[in-house]
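Have a look at the structure below, then the notes.
The values are calculated or read from the model by the stated rules, or taken from the named source; none is laboratory data. None of these values were measured; they are calculated from a predicted model. In this analysis, Cβ positions are derived from the backbone assuming ideal geometry, glycine residues included, and neighbour counts consider all displayed protein chains. These area figures cover heavy atoms from the full protein model, side chains too; ligands, DNA and RNA do not enter into them. Shrake-Rupley method; radii C 1.70, N 1.55, O 1.52, S 1.80 Å.
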Amino acid sequence: MPIEGWEKEEDMEEDIHGIVIIGSGICGLATALALHRKGLSSLVLEKSETLRSDGVAIGVHANGWRALEQLGLATELRETADIITEYHNVWKKQNKTTLKPTRKELRCLKRKDLVEALAKNLPVGTIRFGCHVAKIFEEPDSHCTVLGTVDGSTIMAKVLIGCDGANSMVSQYLGLGSPSHLPRLVLLGFTSYLHGHPFGTRFLRFAGEDLAVGRIPVNANLVHFFVTRTGPSTGFTDENAAREYVLEKLPECPAEIVEMVRRRDAETKTLTKVWYRPPWQVMLGRFQRGTVTVAGDAMHVMAPFFGQGGSAALEDAVVLARSLSRSVPDGVVVDDGSTSSHRLEEKIRVALGKYVRERRPRLFLLSLEHFVFGTMLTAKSVVKKLVCVAILALLGTESRRHSDYDCGRL
C-alpha cells in the first residue's frame with residue numbers, strides 16, 4: 001500500500017517504465033548495458049547531477065574480463081591498462097619475500113575509464129540524473145513498484161533493480177539486514193610518473209606491523225595504491241583525521257613506498273569503514289520480492305581483500321540480463337495489451353528467481369572467503385587465526401580459484 005504522503009494523484013501523468021535501475025555506478029550501468037545488448041530498454045535513476053566517474057581504481061580479474069567481453073567492452077578497456085604478470089609479496093615481520101606469477105588475467109582499471117565506457121554505450125536518455133528516490137512501495141492494482149522522489153514526483157516500475165550500493169534503499173525494502181563493517185581504514189590513490197615508473201608489471205603487497213600496502217600498475221606512467229590500518233575503537237568521522245592516522249606508520253615501509261604515497265596525485269580517497277555483507281546474509285537473505293531484486297554492492301558488498309567486488313558486480317549484470325531476456329524474448333516488459341499483466345509479472349518473477357538461485361552459491365563462497373580473511377586479520381587468538389588459514393586453504397584462496405569463474409554468455 002502507498003505510504004502516507006506519497007499517494008498517487010488521480011490527475012498526475014503516469015511515469016511508467018518497464019525496467020528501472022536505481023544507481024549509476026558500475027553495476028547499475030553494466031546492468032543497463034547488458035539489458036540493452038539483449039534488446040531490453042531500462043531507465044537508470046541517479047541522484048547526482050552528473051555521471052559519478054570519480055573514485056580511484058578497480059582490479060579486474062579474469063572472471064571480470066569474461067563479463068566485460070560479454071558486454072562488448074573488453075577490447076577497448078584492455079587498451080587502457082597493462083596486464084599484471086606477478087605478485088610480489090613482502091612480509092616485514094617474517095623477513096620473507098615471494099614472487100608468484102599471476103597465471104590469470106589481472107588488470108587495474110581507472111574507475112573513470114570503466115564508468116565512462118559503460119555509459120557511452122547506452123542509448124541516449126537511459127540515465128535520468130538528479131533523481132533521488134526517497135520512498136519505495138507497492139501499488140497492487142497497477143502491478144508496479146512505485147518510487148517516490150524527493151521532489152515529489154512518482155515513477156512506476158514493472159521491474160525494479162537496486163544497484164544503489166552498500167546502504168541500499170532497495171535492499172532495505174527487500175528486508176535484507178544492514179551490512180557490517182570492519183574496523184579498518186583504507187587510503188586509496190594514484191601516483192603518476194611522467195617519465196615512467198620502475199615497477200614493471202608486478203603487484204606489490206607489503207605487510208608490516210598493523211599496516212598493509214598494495215601497489216598495482218595501471219599503465220607505464222600510473223600506479224594505483226592502497227594503505228590500510230586497523231582503526232581505533234572510537235572510529236573517525238573526519239576523513240582528513242583518518243588519513244593522517246593511516247599514514248602515521250608509513251615511515252616503517254621501504255623508501256620507494258614512502259616516496260610513492262607522499263607524491264600521490266590529488267585523486268585520493270580515505271575509507272573510514274570497510275563494509276561487507278556477512279556470508280549468512282548472502283546465503284539466507286531475501287534478494288527478491290516479486291519483481292524487485294538487487295545486484296552489486298546492494299546484494300553482496302564485500303571487503304576489498306581480493307579485488308572481487310567489481311568483477312562480481314559485472315557478473316551480476318550478465319546473469320540478470322540473460323535471465324530477464326529469456327523470460328521476455330520479445331523485449332516487452334510494459335504490458336501492451338498482447339500479454340496479460342498477471343502472466344507477464346509471473347514470467348518476470350520466475351526470471352528473477354532464476355537469477356538469484358544462480359548467483360547465490362557463487363556469492364556465498366566469495367563472501368565467506370572475504371569474511372574469513374577479515375576475521376583472520378582482526379583475530380587476536382592464534383587458534384582462531386589457524387582456523388581461518390585452514391578454511392582459506394579449503395576455499396583455494398592462495399590459487400585465486402575465485403577468478404576462474406565464468407558467468408557464461410549473455
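Quick notes
- Cβ-Cβ contacts under 6 Å between residues 6 or more apart (or on different chains), taken from a first residue in region 304-325 that is crowded, with 22+ Cβ neighbours inside 10 Å to a second residue that is modelled with pLDDT under 95 and among the β-branched types (Val, Ile, Thr), are listed as Gly310/Ile58.
- Selection from region 64-92 of residues that are within 23 Å of the chain's Cα centre (by Cα), among the hydrophobic types (A, V, I, L, M, F, W, C) and open to solvent by less than 60 Å² (accessible area, probe 1.4 Å): Trp65, Ala67, Leu68, Leu71, Leu73, Ala74, Leu77, Ala81, Ile84
- Residue that is least open to solvent (accessible area, probe 1.4 Å), among those in region 93-103 that are in a loop (DSSP other than H, G, I, E, B) and farther than 20 Å from Ala220 by Cα: Gln94
- Subset tally (residues that are outside any loop (DSSP other than H, G, I, E, B) and farther than 24 Å from Gly64 by Cβ) for region 104-128: 1
- Note on region 116-143: residues that are touching an Asp or Glu at 6+ places or on another chain (Cβ under 9 Å), within 26 Å of Gly310 (Cβ to Cβ) and open to solvent by less than 40 Å² (accessible area, probe 1.4 Å) amount to 5.
- Number of residues in region 269-281 that are open to solvent by 40 Å² or more (accessible area, probe 1.4 Å) and not in a strand (DSSP E or B) equals 3.
Here's the yes/no breakdown for (1) among the aromatic types (Phe, Trp, Tyr); (2) assigned to a loop (DSSP other than H, G, I, E, B); (3) loosely packed, with under 13 Cβ neighbours inside 10 Å:
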site	(1), (2), (3)
Val218	no, no, no
Thr228	no, no, no
Thr234	no, yes, yes
Asn240	no, no, yes
Arg243	no, no, no
Glu259	no, no, yes
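- Any hit, region 16-32, residues being open to solvent by 50 Å² or more (accessible area, probe 1.4 Å), more than 13 Å from the chain's Cα centre (by Cα) and in contact (Cβ under 8 Å) with a residue 40 or more places away in the chain: yes
- Identity of the residue in region 192-207, within 28 Å of the chain's Cα centre (by Cα) and surrounded by fewer than 20 Cβ atoms within 10 Å (Cβ to Cβ), that ends up modelled with the lowest pLDDT: Ala207
- Verdict on His370 being open to solvent by less than 60 Å² (accessible area, probe 1.4 Å), under 17 Å from Ala62 (Cα atoms) and modelled with pLDDT under 95: no
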